[in-house]
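Here is the structure we will look at.
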Amino acid sequence: MYALIMAGGSGTRLWPRSKKTRPKQLLDLLSGRTMFQEAYDRVAPLFGDEGIFIVTSGEYVPAMRQQVPAIPAANYIVEPSGRGTAPCIGLAALYLRRADPEGVMCVLTADHYIKNVERFRQVLRAAARVAEDGYLVTLGITPSFPSTGFGYIRRSAPLGTVDGFEVFRVEKFTEKPDAATAQRFCESGIYSWNSGMFIWRVSVILSEFERLMPTLYAQLMEIDAAIGTPEERTVLERVWPQVEKQTIDYGIMERATDVAVIPVDIGWNDVGSWATLLDILPADGDGNVVTGQHLGVDTHGCLIYSPDRLVATVGLEGMVVVDAGDVLLICPRKRAQEVREVVKRLREAGKEEYL
């Protein structure tokens, strides 16, 4: 069993702390450890250092190796550019196949929060057993509220119980729904949030790429033929820009037949925006989450990040205030997802120094 930690995202919704040179997975957003270090801490007891592979951008590798020196340098898989989770996983599968052609591959990410770490490890063990039977397994998160920010998984026939975890066939995946649909999904009791964590045999996922994404599979095979030769990097950099951007959900999971879900409550959250931190981090008596110095008058339910100077607020409710030194971000909590639009506009204006 092997862990693949996808750690190449840029985290634009956590700008201005998350920037191109220091994306969110390299930041200590939740504790004294960075998110990448926390991802490593979760899986190291289960997989060991040799069994952990990282797929990321080349510019992040030095920082990651500094943060977690225990992972072998050979276990870093470098994408020339981000092409979506389907190509990312396909490329990694080529390298894992060399380590163990029939090995089980647990696809995880470096930007999730998981409170119940031991239960997380237990469900990965159970999922690996299901994957041994040829299933593409996904971890479904038991919804705690009708979120419109996550995709949903509808389960159908039960496949049995493994190590105390119920396993079901997947009937369908649904992308982020509107509020009324999300409410209906939660009330039905047969939907889970799509965590984006997957478990399968390396041979099985490569067969699915061949069947469902034949163009990508052919490109992967061209790269595969060069792995281990002096032409490896040259071929990868030539082929990769031609690869279509696609997610594993659209490319494989929504069209595959033998897909299983294990619904689980592990205290999971996708750290996708500043608002998420208000749900995760401890708040003061006024419901404010504060990092640094803050003096608040009649201020409630706000996130204040300002490690270097005092922020004083009066009459704020449900706001995000992030002082990153060269940039000050202020927005309503409910619009925190729109921070990526700021990043887009800065890029269009050529203000790369702020990105």
query: Mind checking which residues of region 271-315 are under 16 Å from K334 (Cα atoms) and in a strand (DSSP E or B)?
result: V289, H300, L303, I304
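Sort through P241, P263, P282, P307 and tell me the only one that's exposed (fewer than 13 other Cβ atoms within 10 Å of the Cβ) and within 20 Å of Y113 (Cβ to Cβ).
Details: P241 fails: within 20 Å of Y113 (Cβ to Cβ); P263 fails: exposed (fewer than 13 other Cβ atoms within 10 Å of the Cβ); P307 fails: within 20 Å of Y113 (Cβ to Cβ).
P282 is the lone residue from the list that is exposed (fewer than 13 other Cβ atoms within 10 Å of the Cβ) and within 20 Å of Y113 (Cβ to Cβ).
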- prompt: What are the residues in region 183-201 that are surrounded by 14 or more Cβ atoms within 10 Å (Cβ to Cβ) and charged (D, E, K, R), if any?
  reply: R201
message: Checking the structure you have, find out if any residue of region 48-65 is part of a helix (DSSP H, G or I), closer than 16 Å to V107 by Cα and touching a residue at least 60 places away in the same chain (Cβ under 8 Å).
response: no
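For residues that are hydroxyl-bearing (S, T, Y) and either part of a helix (DSSP H, G or I) or free of Cβ contacts under 8 Å to residues at least 60 places away in the same chain (or both), scanning just region 84-110, find the one that is farthest from L139 (Cα to Cα). Steps first, please.
Taking region 84-110 and keeping what is hydroxyl-bearing (S, T, Y), we get 85, 95, 109.
From the residues that got through so far, the ones that are either part of a helix (DSSP H, G or I) or free of Cβ contacts under 8 Å to residues at least 60 places away in the same chain (or both) too are 85, 95.
Details: T85: 16, Y95: 24 Å.
If we take residues in region 84-110 being hydroxyl-bearing (S, T, Y) and either part of a helix (DSSP H, G or I) or free of Cβ contacts under 8 Å to residues at least 60 places away in the same chain (or both), then Y95 is farthest from L139 (Cα to Cα).
Quick one: in region 1-46, which of the residues that are of a type in the set (S, T, Y) and part of a helix (DSSP H, G or I) is surrounded by the fewest Cβ atoms within 10 Å (Cβ to Cβ)? Give the steps one after another, and end with the answer.
Keep residues of region 1-46 that are of a type in the set (S, T, Y), which gives 2, 10, 12, 18, 21, 31, 34, 40.
Retained after the next criterion (residues that are part of a helix (DSSP H, G or I)): 12, 40.
Working: T12: 20, Y40: 24.
For region 1-46, the residue satisfying everything is T12.
A short reminder: the numbers here are calculations on the coordinates, not readings from a lab. If you're wondering where the values come from, they're calculated on a predicted model, not measured in any experiment. For neighbour counting, all protein chains shown are included, and Cβ atoms are generated from backbone atoms with ideal geometry for every residue, glycine included.
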